[in-house]
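The values are calculated or read from the model by the stated rules, or taken from the named source; none is laboratory data. Since the model is a prediction, treat every value here as computed from it, not as a measurement. For neighbour counting, all protein chains shown are included, and Cβ atoms are generated from backbone atoms with ideal geometry for every residue, glycine included. Remember, those area values only see protein heavy atoms, side chains included, never the ligands or the DNA or RNA. Shrake-Rupley method; radii C 1.70, N 1.55, O 1.52, S 1.80 Å.
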Amino acid sequence: MNLSVNDLSSNLELLKKHNPLVHNITNVVVTNVTANALLAIGASPIMAYAKEEMEDIISISDALVLNIGTLTKDIIDVMLLAGKYADKKKIPVIFDPVGAGASGLRNDASKEIVSNIKLAIIRGNESEIANLYGVKLETKGVDSKGHVEDKIGLAKELALKVSSTVCISGKEDIISDGSNVFSVKNGDAALTKMTGAGCISSSVMGAFVAIDKNYAKASLTGAVLIGICGELAALKSKLSGSFQVEFFNNLSSFNSDILHKYAKFEEVCR
Amino acid sequence: MNLSVNDLSSNLELLKKHNPLVHNITNVVVTNVTANALLAIGASPIMAYAKEEMEDIISISDALVLNIGTLTKDIIDVMLLAGKYADKKKIPVIFDPVGAGASGLRNDASKEIVSNIKLAIIRGNESEIANLYGVKLETKGVDSKGHVEDKIGLAKELALKVSSTVCISGKEDIISDGSNVFSVKNGDAALTKMTGAGCISSSVMGAFVAIDKNYAKASLTGAVLIGICGELAALKSKLSGSFQVEFFNNLSSFNSDILHKYAKFEEVCR
Amino acid sequence: MNLSVNDLSSNLELLKKHNPLVHNITNVVVTNVTANALLAIGASPIMAYAKEEMEDIISISDALVLNIGTLTKDIIDVMLLAGKYADKKKIPVIFDPVGAGASGLRNDASKEIVSNIKLAIIRGNESEIANLYGVKLETKGVDSKGHVEDKIGLAKELALKVSSTVCISGKEDIISDGSNVFSVKNGDAALTKMTGAGCISSSVMGAFVAIDKNYAKASLTGAVLIGICGELAALKSKLSGSFQVEFFNNLSSFNSDILHKYAKFEEVCR
């Protein structure tokens with residue numbers, strides 16, 4: 001699949017034109033920053049957790065993001081229910097398996113979600129994706145610790161296995177829909193020091209799958225956007241408070257010119 | 001009712017003098033920013049969600065804010081219980097019907113709260129207030145989408161129907177206690193791009209009703225304060241991160257001089 | 001116990017070297033800022049609330065922080081369970097009795113936690129610690145209101161009674177392990193206007209007890225670090241938004257030189 005910066009740029013325009021409503025069932029650490037990130041890029045956020053309103057909320061939503069960062073048994077049930085309604089309404093679902101590998105509960109919930117819900121994109125760090133695939137990698141809680149030899153193979157294999165686009169975030173992001181593979185070299189280490197950067201990335205991809213049925217392209221657009229905003233923020237400051245402010249400033253001023261100037265991605269031939 | 005800027009200015013002084021404790025049963029997206037906003041203007045926040053401590057917490061609180069942004073069945077029960085104790089202790093209650101119209105659960109919970117709790121102020125956006133009144137307006141999740149012909153009539157009618165002061169937030173805020181109507185022209189579109197601006201506004205009104213039994217005046221003070229802080233922040237920056245920082249800076253440096261210089265409200269004769 | 005700035009400085013190095021994983025069962029108001037604070041100083045945060053994964057999460061954690069700021073009956077059970085696993089694995093536990101004195105539920109939960117879990121450090125404000133000791137002091141919700149005559153005596157007595165290090169935060173912090181007492185004069189009033197400053201302080205102490213078995217020294221390191229970061233932030237700005245940004249900037253740039261230049265603590269001879 002040949003993808004140029006112009007393809008990603010079109011997604012920016014579509015996003016601003018359609019202002020999709022992204023429903024997030026996410027963790028309590030990142031709710032505020034996730035909502036602000038979606039607003040900053042031109043989408044609309046909603047967070048809803050009650051099973052009694054799940055059908056109603058899904059019926060007005062354009063995408064669903066499931067993030068297990070602070071899951072409980074009840075939340076898993078709500079996620080499965082939301083996924084069922086999303087399948088029925090045919091809206092795309094993003095899955096962020098935060099901390100997969102760190103507990104049996106997270107592993108089991110991840111498997112249940114992957115088995116029962118049609119997922120457009122799965123986005124996680126290296127150890128989360130490896131654990132999801134069945135390779136036991138050590139985690140540092142919700143941060144990645146272990147390494148796999150072949151990230152490209154892992155992304156491609158998992159994508160084929162579960163029929164989703166898979167994005168492994170890291171110093172280099174790897175995105176695969178099972179047949180095509182892309183690598184993204186945008187980003188900065190400062191992003192790993194801001195809590196929720198990965199979670200935000202998943203929700204931003206939720207905004208792009210809402211307007212782009214090519215999930216690999218949607219995922220790529222999100223990964224490049226987050227990466228560039230991290231880079232530009234880090235140029236201003238790598239200090240914790242200022243970096244956060246600059247990151248959000250860049251989200252809200254992101255545009256086609258910036259995309260063309262800074263995008264660093266390529267198709268990986270394999 | 002003749003209200004001058006001086007009347008609002010007196011409320012600022014009373015707030016700083018009495019430092020009221022505002023109890024918030026609010027959504028998980030805005031807890032942190034709500035607490036910081038209350039601290040910034042000179043009030044004290046508390047958030048408590050356990051039914052077992054509701055009576056104790058209400059007994060030390062000066063106002064109660066109910067916000068259904070991320071409600072569950074349990075939270076609805078806790079809100080009804082908190083409202084009962086607030087009625088008993090005669091402390092004012094603010095209701096923010098976040099996302100009313102977006103789900104049956106939110107509609108039902110809103111009706112139950114309005115029917116069972118004596119409310120000092122109901123604050124919401126146009127579609128939330130319309131849905132509460134029984135006019136079915138389309139929502140964009142938790143954001144307003146539809147429009148009513150006559151916002152002034154809506155505010156006045158709902159205020160009469162439920163015996164509360166009603167504040168419809170928007171480009172122009174409309175506040176009515178059923179007999180008087182005020183319009184506020186302070187504010188900036190950047191506020192709609194910061195998650196929780198409305199929720200913060202409700203909690204800030206909670207701080208003012210704690211020290212002012214004239215609920216229309218208390219609501220007006222809150223609406224003007226939030227509007228001006230949004231305006232002044234937007235003068236510095238409309239970028240997502242910087243706007244938030246500036247908004248909170250303005251909350252914490254707000255004073256009588258700024259109020260006199262920037263307040264834009266008037267009584268609407270009807 | 002003779003403690004010099006060099007002892008605290010060694011803790012900074014150990015923290016950065018070992019990058020401990022700190023598990024927080026904390027309140028919904030402060031989750032985001034707590035995670036960012038831990039990342040900023042060089043630790044790793046995890047937040048997990050499901051009883052089903054508590055054993056797994058504790059097994060990979062280096063310290064546990066229990067904070068009852070927005071507790072429910074379920075959360076109390078989860079905390080007791082987490083504490084049991086922490087005892088078993090011998091990882092240190094920090095307890096932050098937010099709002100102790102404000103409700104029977106918080107008092108009862110605090111007593112249950114103190115009775116059933118071996119605590120490395122208890123950190124709270126004056127009224128929380130007094131209430132924990134059994135002296136009924138008035139609270140302003142989650143903020144301290146009453147005063148005790150003898151803070152040093154209180155810290156020492158409670159430390160002896162419960163066999164923990166006790167830190168009473170305030171204008172002057174008092175830390176005692178029952179035999180030694182330290183006072184810290186770093187800090188700024190602006191910290192009391194930022195929600196979660198105390199909660200952050202508890203979690204930061206969680207990072208230090210993970211790498212220092214001398215709990216009084218670990219607590220002292222945390223208190224001095226938070227105090228200095230508050231002071232330096234306040235030098236830049238006391239406005240709500242900017243102060244927060246500067247506080248986090250200082251957390252992430254804190255180092256041995258800053259510690260040596262600004263630390264103000266002393267052993268209190270009693």
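Which whole-number value in Å² is the accessible area per residue of the stretch C:5-267, probe 1.4 Å?
Working: 8900 Å² over 263 residues.
Heavy-atom accessible area per residue stands at 34 Å².
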Self-check item: Ratio of the Cα radius of gyration of the stretch C:7-67 to 2.2 N^0.38 Å, where N counts its residues
Solution: 1.17
Quiz prompt | Inverse mean reciprocal Cα-Cα distance (Kirkwood Rh) of the stretch C:5-267, Å | solution = 17.8
Practice problem: Quote the FRET efficiency, to the nearest 0.05, computed for C:Lys236 versus C:Lys16 with a Förster distance R0 of 25 Å and r equal to the Cβ-Cβ distance. | Solution: 0.55
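Share of chain C's accessible area from carbon and sulfur, percent, 1.4 Å? Before the final figure, lay out the partial values.
Numbers: 4780 of 9510 Å².
Carbon with sulfur: 50 percent of the solvent-accessible area.
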Quiz item: Given springs between every Cα pair under 10 Å in a Gaussian network model of chain A, which of A:Gly99, A:Gly69, A:Gly134 has the largest fluctuation?
Solution: A:Gly134
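If you place +1 on the Cβ of every Lys and Arg and -1 on the Cβ of every Asp and Glu, how big does the dipole about the Cα centre of the stretch A:5-267 come out, in debye to the nearest 20?
Details: 27 positive and 30 negative charges, 17 e Å.
Dipole of the stretch A:5-267, to the nearest 20 debye: 80 debye.
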Quiz item: If you project the alpha carbons of the stretch A:118-270 onto their three principal axes, what span does each projection cover, largest first, in Å?
Solution: 40, 34, 27
Self-check item: Potential lengthening between B:Asn116 and B:Ser163 on full extension [0.36 nm per residue; Cα-Cα distance subtracted]
Solution: 15.7 nm
Quiz prompt | Charge dipole magnitude, Cβ of K and R +1, D and E -1 - the protein assembly as shown, Cα centre, debye nearest 20 | solution = 280
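Quick one: plug the Kirkwood hydrodynamic radius of the stretch C:33-82 (C-alpha pairs) into Stokes-Einstein at 25 °C, 0.890 mPa s, and report D in µm²/s. Display every interim value, and only then the final one.
Details: Rh = 11.8 Å.
Calculated translational D: 207 µm²/s.
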Quiz item: With point charges of +1 on the Cβ of Lys and Arg and -1 on the Cβ of Asp and Glu, referenced to the Cα centre of the stretch A:121-174, which listed residue (A:Ser144, A:Asn125, A:Ser164) lies farthest in the positive direction of the dipole?
Solution: A:Ser164
Quiz item: If you project the alpha carbons of the protein assembly as shown onto the principal axes, what extent comes out on each, in Å, largest first?
Solution: 74, 73, 42
Quiz prompt | Only Lys, Arg (+1) and Asp, Glu (-1) charged, at Cβ; the stretch C:98-233 dipole about Cα centre in debye | solution = 180
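Suppose the chain between A:Asn255 and A:Asp150 were pulled fully straight at 0.36 nm per residue; how much longer would it get relative to their current alpha carbon spacing? Don't skip to the answer; put the middle values down first.
Details: separation 105, 0.36 × 105 = 37.80 nm, distance 3.34 nm.
Full-extension gain reported as 34.5 nm.
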Quiz item: If we hang a label 7 Å off Cα along the beta carbon direction at A:Lys261, how far is it from the matching labels on the other copies, in nm, shortest first?
Solution: 3.3, 3.4
Self-check item: Of the trypsin sites (Lys or Arg not before Pro) in the stretch B:53-141, those whose Cβ has at most 15 other Cβ within 10 Å and which sit in DSSP loop
Solution: B:Lys90, B:Lys118, B:Lys136
Exercise. Apply the Karplus parameterisation 6.51 cos²θ - 1.76 cosθ + 1.60, with θ equal to phi minus 60°, to every residue of the stretch B:57-73 and state each ³J(HN,Hα) to the nearest whole Hz, in sequence, with x for glycine and proline.
Key: 5, 4, 5, 9, 8, 9, 7, 10, 10, 10, 9, 9, x, 9, 6, 9, 3
Practice problem: Please give the total accessible area that chains B and C bury against each other, computed with a 1.4 Å probe and expressed in Å² to the nearest 100. | Solution: 2200
Exercise. Place the label 7 angstrom along Cα→C-beta at A:Lys118 and in each other copy, then list the distances from the first to the rest in nm, shortest first.
Key: 5.4, 5.5
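Calculate the all-directions average of the projected area of the stretch B:204-255's alpha-carbon convex hull, and give it in nm².
Details: hull surface 14.1 nm².
The number I arrive at for the stretch B:204-255 is 3.5 nm².
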